[in-house]
Amino acid sequence: MILLACVLANVLLAEITDDMIYIHEWGVIEMDELYLRASGCSDGYIDEYGYVQEYPMADVTAPVVYFYGADCSGTFSVRIPDGSFTLLLPYPDSLAYDASAEVRYTAVWENLTIRSYEPSVDATTEASYLTRGPELDDCFAWAVPFWRMVPANRIHYSSAGYEDVFIYYESEMSNPEMFIGEYYNHVGETLIFFPEDGEMVCSVATVPGESDAIGETLSDLEIMAVLYSWGGGGMLPEEIAALWQTWKPLLRTRCELENLTMMLFPLTERQESMVSTLSFVPVENILIQFDRLLLGLGAI
């Protein structure tokens, strides 16, 4: 499985060229919360020493968006058909609401400038180079180093004095009906996390029908290989690593401290479109490819 992930990674990296724009997004929705939010990271975690730490009270609900490929400029938009935005970074040029429309909220970032990743930039210089302008809030600053390990293009947004490798937004769903049902209405492969001898372990299962069957325990690399396969080969391994490093602490907390069994599963394209839709209109005449990996997470 690990070898397969490495092979797929090499194929993906070979496919990213300078004659197209590639836009990637990942995020997680906690299905057993009262209000469903598309999330980049979570509240509270178990640290590397086994102690419980709490994040600041502000919820962090942020899918992370990256750009790759051609240098370009243009207008990026996120549309929310059901629910609302709760936080946006950087804050967009416009945030429109139409109660009568099928899409209620639209956030628009105009005149973005996207420039190629520069691996030669010194890490110390890079740290000061990124996120000029509004400072990152403490409630999600802990996860940002993971997100910056992704070799995405630089995003410059002069309206807010912002420069970093990602854009993200918080969104909240008003009507979670499509996720109400056995196993949150998911059918197919899922990762099952459960406590064993006081520690979190993980195995792959198929629902409905096999969630109670405990299969082979997976390592972190094998878990990331499964997540990579859910992305259909469209996501970078570094993005999968950032996702896993961001969400593993919450899974450990819920399994080891709350003694819960959790399932993590990929949303369908239709479900993703009900969470949000993305668009980018470049100034240049150039093709665009979107790859999204939104996951559902909940206790069973």
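Which of the residues that make up region 74-114 are over 15 Å from S159 (Cα atoms) and touching a Lys or Arg at 6+ places or on another chain (Cβ under 8 Å)?
Those that are over 15 Å from S159 (Cα atoms) and touching a Lys or Arg at 6+ places or on another chain (Cβ under 8 Å): I80, P81, D82, G83, S84, T86, Y97, D98, V103, Y105, T106.
Could you check how many residues of region 141-152 are in a loop (DSSP other than H, G, I, E, B) and over 16 Å from W26 (Cβ atoms)?
Matching residues across region 141-152 total 1.
When the residues of region 233-263 are narrowed to those that are among the aliphatic types (A, V, I, L, M) and within 13 Å of the chain's Cα centre (by Cα), which ends up surrounded by the fewest Cβ atoms within 10 Å (Cβ to Cβ)?
A241
Just checking, which of E177, E182, E126 is surrounded by fewer than 17 Cβ atoms within 10 Å (Cβ to Cβ) and modelled with pLDDT under 70?
The conditions single out E126.
Being more than 20 Å from Y184 (Cβ to Cβ) and of a type in the set (D, E) is the filter; apply it to region 264-298 and report the residue that is least open to solvent (accessible area, probe 1.4 Å).
D291
Enumerate the pairs (first residue in region 158-170 and assigned to a helix (DSSP H, G or I); second residue anywhere and open to solvent by less than 10 Å² (accessible area, probe 1.4 Å) and at pLDDT 90 or above) with beta-carbon separation below 7 Å, excluding pairs fewer than 6 apart on the same chain, so at least 6 apart or on different chains.
A160/P90
For every residue, the table says whether it meets (1) modelled with pLDDT under 95; (2) more than 12 Å from P282 (Cβ to Cβ); (3) of a type in the set (A, V, I, L, M).
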residue: V65; (1), (2), (3): no, yes, yes
residue: S77; (1), (2), (3): no, yes, no
residue: P81; (1), (2), (3): yes, yes, no
residue: F85; (1), (2), (3): yes, yes, no
residue: L89; (1), (2), (3): yes, yes, yes
residue: A96; (1), (2), (3): yes, yes, yes
residue: R104; (1), (2), (3): yes, yes, no
residue: I114; (1), (2), (3): no, no, yes
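The values are calculated or read from the model by the stated rules, or taken from the named source; none is laboratory data. Keep in mind that this is a model prediction, so the values were computed, not measured. Counting neighbours? That spans all protein chains shown, and the Cβs are built from the backbone with ideal geometry, glycine included. Only protein heavy atoms, including side chains, enter the accessible area calculation; ligands, DNA and RNA are left aside. Shrake-Rupley method; radii C 1.70, N 1.55, O 1.52, S 1.80 Å.
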